[in-house]
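Q: The structure under discussion is supplied below as structure tokens; questions concerning it will follow.
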Amino acid sequence: MKRTPWLTLLAAATLAACDRATPEQQIVNDAAAALGGRARILAVKTIVIEGKGTSYSVGSDRLIDTNSRIYDVAGYKYAIDVAGRRALSEQTRTPKTPNFSGQAPVKQVQGIDGDVAYNVGASGNATRVRNKVTVNARRADIYHHPLTSVRAALDPAAKIANLRTLGNETIVDVTTADEVSMTLAIDSTTKLPTRVVSMTASDTILGDVAAETSFAEYEDVSGLRLPVHFTSKVDKFKDTDIRVTKQTVDGDVGNLAAPAAAASAPASEAPPPPVTMTVEEVAKGIWFLAGQTHHSVLVEFGDHLTLIEAPNEPRALAAFAKAKELRPDKPLTVVVNTHHHFDHSAGVRAAVSEGLTVITHKSNVAFYEEAVRRPHTLIPDALAKNPSPKPLKIVALDDEMVLKDDTRTIVLYRILDNSHADNNLMVYFPKERLLTQADIFMPRDPRTLGYAPWVDNLLENIKMHHLQIDRMMPLHGKIVPYSEFLKVAKDGFDRSIVPEAPPYRFTAPS
Ligand SMILES: [Zn+2]
């Protein structure tokens, strides 16, 4: 048929109007086509992923960037009610490496229903999660899947922006209709989603972190293309690696509504418990600053004070204030950080904000240099709020360092061949015959349930240096006589349930 020119023009204009996707929308449309088409995606009601894999110990491995402390993940199941914005995850984690709370499997059941996040305990009782950061992270988790993220981006109410490329990925930022922000990356060749990233706040030394889930090995499932390999990272650190063994589209997921006990519980966030700090002068000029789970030790030198451990910001600030109160005329100038684990290092930034010198093992230097520069915008900490922070002052040791003046001597030793951390320091007070360490011997700490998988190794280290000790002054637990430590080192745990009985021997990574 011969068209008149104006009709041809009109047809072209109509086509353009229907098809007037922005470049950002076009990326999403391409991804939708690759996954099985817009109509198929919009028709999906539920997805269930089942699988197994491994989870890692972000912030509590042997070194900041190693992946040696792992958990076996069994019975992994993530059920999503796509339109209802509800999801329930289940998994059973079993430590594969020595763990101070034992080696038993732990089942985790966690849900999200709109704004209601909840955990289901072993008894089947649900409790509401009131921490806003966790609630928002769970809301975002629903979109850490190719189908849900692309489906949300197809919604006309979604905002798509900031189109860019990185290597072979095409990337857009998406704000969903329910106001979850995420970054969606798709493979520029196959157009299949490669990963979804959402920002979350961490109250660790990391601050603002990117939670990232990557998708690989797509297969055909019920008219869709879906991945069978999911890997997640917290910032640049490996978190989980799950292989899907079964996936079901539009199967029966049961009732994913939040249990009544959780839904009816208060939504407002509970204020953090106040810091309790007890002060015990263990020897002249040595104070055990205890209370709650993580302790510190304050040590007086001739012209300054030194704090051993700033585990987290609230305790670090309380310890700084306590130092001023105990010795108003002597400045606190030094913080010794025993090891990089996040529950022992989160106060390092507070120390830096006060201009203190940080003494730590040399393996932490690069990480702490980066950590003091990291943004903490989502939960601003003392350093983020400090308008003119002083530069980081860090003193690194290798296996040993003596801190000494006319009035006091203390010796820092790296605990060798220990699988808890490769850079963990013990602090020896030769005159006072005291030993301080973190995490290896936690006397009478109820969290350890009597397990102490590293005590033999600590004893070997003590013997190697011929330390003369009367009392153990730990950073978890109670001060106890050395005889109690010796007893635990000999028969303090059931070796049959700690299969890799100590002493552990590892070659430190180069
Ligand atoms: Zn630790």
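None of the figures in this text is laboratory data; all of them are computed from the coordinates on show. What you see is a predicted model; the values in this text were computed from it and never measured. No Cβ is skipped: glycine too gets one built from the backbone with ideal geometry, and neighbour counts run over all protein chains shown.
Q: Tell me, what is the percent relative contact order of the range 278-497, built from C-alpha pairs under 8 Å that lie six or more residues apart?
A: Contact order relative to length: 14 percent.
Q: Given a cut-off of under 8 Å on Cα pairs at least six residues apart, what relative contact order in percent is computed for the chain?
A: In percent, rounded to a whole number, it is 12.
Q: How long is the gain from residue 155 to residue 133 if the chain were fully straight, where each residue apart is worth 0.36 nm and the alpha carbon distance is subtracted?
A: Taking 0.36 nm per residue and subtracting the Cα distance, the gain is 5.4 nm.
Q: Further question on the same structure: Compute the orientation-averaged projected area for the range 289-406 from the convex hull of its Cα atoms and round it to one decimal in nm².
A: 7.7 nm²
Q: Do any GluC sites (Glu not before Pro) in the range 88-196 lie in a DSSP loop with no more than 14 other beta carbon atoms within 10 Å, and if so, which?
A: Sites meeting the loop and neighbour criteria: 179.
Q: In whole Å, what is the distance between the alpha-carbon centres of the range 13-85 and the range 225-267?
A: Between the Cα centre of the range 13-85 and that of the range 225-267, the gap is 10 Å.
Q: At most 16 other Cβ atoms within 10 Å and a DSSP loop assignment: could you name the trypsin sites (Lys or Arg not before Pro) in the range 19-89 that fit?
A: Counting only loop positions with at most 16 other Cβ atoms within 10 Å, the trypsin sites (Lys or Arg not before Pro) in the range 19-89 are 20, 45.
Q: Whole-Hz Karplus ³J(HN,Hα) for the range 437-446, in order, using 6.51 cos²θ - 1.76 cosθ + 1.60 and θ = phi - 60°, x for Gly and Pro?
A: Per-residue couplings from phi come out as 8, 10, 6, 8, 10, 10, x, 6, 8, x Hz.
Q: Spelling out what I want: for every residue of the range 159-164, take phi, set θ = phi - 60°, compute 6.51 cos²θ - 1.76 cosθ + 1.60 (Karplus), and round to whole Hz; glycine and proline get x.
A: So the J values, rounded to whole Hz, are 10, 10, 8, 6, 5, 7.
Q: Mind checking the dipole of the range 278-497: about its Cα centre, +1 per Lys or Arg Cβ, -1 per Asp or Glu Cβ, Debye to the nearest 20?
A: Dipole of the range 278-497, to the nearest 20 debye: 340 debye.
Q: Still on this structure, I have one more. Beyond a 32 Å Cα-Cα separation, which of these cross-linked pairs lie in this structure: 52/191; 236/330; 159/236; 238/322?
A: 236/330; 238/322
Q: Rank 474, 310, 411 by how far each Cα sits towards the positive end of the charge dipole of the range 278-497 (+1 on Lys, Arg Cβ; -1 on Asp, Glu Cβ) and give me just the farthest.
A: My answer, from the dipole projection, is 310.
Q: For the residues 447, 93, what sequence is obtained by ranking on other C-beta atoms within 10 Å, fewest first?
A: 447, 93
Q: Going by how many other Cβ atoms sit within 10 Å of their own, how do 72, 203 line up, fewest first?
A: 72, 203
Q: With angles folded into 0 to 90 degrees, how steeply does helix 313-326 sit against the dominant principal axis of the chain? Use alpha carbons for both and round to 10.
A: Roughly 30 degrees between the two axes.
Q: Need one number: % antiparallel among DSSP beta bridges in the chain, to the nearest 5.
A: If I count the DSSP bridges inside the chain, around 90 percent turn out antiparallel.
Q: Mind checking which of 247, 216, 60 is farthest towards the positive end of the range 19-263's charge dipole, using Cβ charges of +1 (Lys, Arg) and -1 (Asp, Glu) about the Cα centre?
A: 60
Q: Please pull out the direction-averaged projected area of the chain, using the convex hull of its alpha-carbon atoms, in nm² to one decimal place.
A: That works out to 29.5 nm².
Q: Mind checking the dipole of the chain: about its Cα centre, +1 per Lys or Arg Cβ, -1 per Asp or Glu Cβ, Debye to the nearest 20?
A: 680 debye
Q: In deg cm²/dmol, rounded to 500, what helix-only [θ] at 222 nm does the chain give when every DSSP H run of at least 4 residues adds -39500 (n - 2.57) and the total is split over its residues?
A: Value at 222 nm, helices only, nearest 500: -6000 deg cm²/dmol.
Q: Tabulate in residue order the Karplus-calculated ³J(HN,Hα) for the range 359-365, using 6.51 cos²θ - 1.76 cosθ + 1.60 with θ = phi - 60°, rounded to whole Hz; enter x for Gly and Pro.
A: 9, 7, 5, 4, 5, 9, 4
Q: A further question on this structure: Once every Cα of the range 278-497 carries one equal point scatterer and solvent is ignored, give the base-10 log of I(q)/I(0) from the Debye formula at q = 0.14, 0.18 Å⁻¹, two decimals.
A: Scattering profile of the range 278-497, log10 relative to I(0): -0.84, -1.37.
Q: Separate question: Within the range 342-372, report the GluC sites (Glu not before Pro) that DSSP leaves as loop and that have at most 10 other Cβ atoms within 10 Å.
A: In loop regions of the range 342-372 (DSSP not H, G, I, E or B), there are no sparsely surrounded GluC sites (Glu not before Pro).
Q: Can you list, bin by bin at 10 Å, the percent of alpha carbon pairs in the range 19-263, starting at 0?
A: With 10 Å bins starting at 0, P(r) equals 7, 30, 38, 20, 4, 0.
Q: If neighbour count is taken as other Cβ atoms inside 10 Å, put 101, 419, 345 in order from fewest to most.
A: Ascending number of Cβ neighbours within 10 Å: 101, 419, 345.
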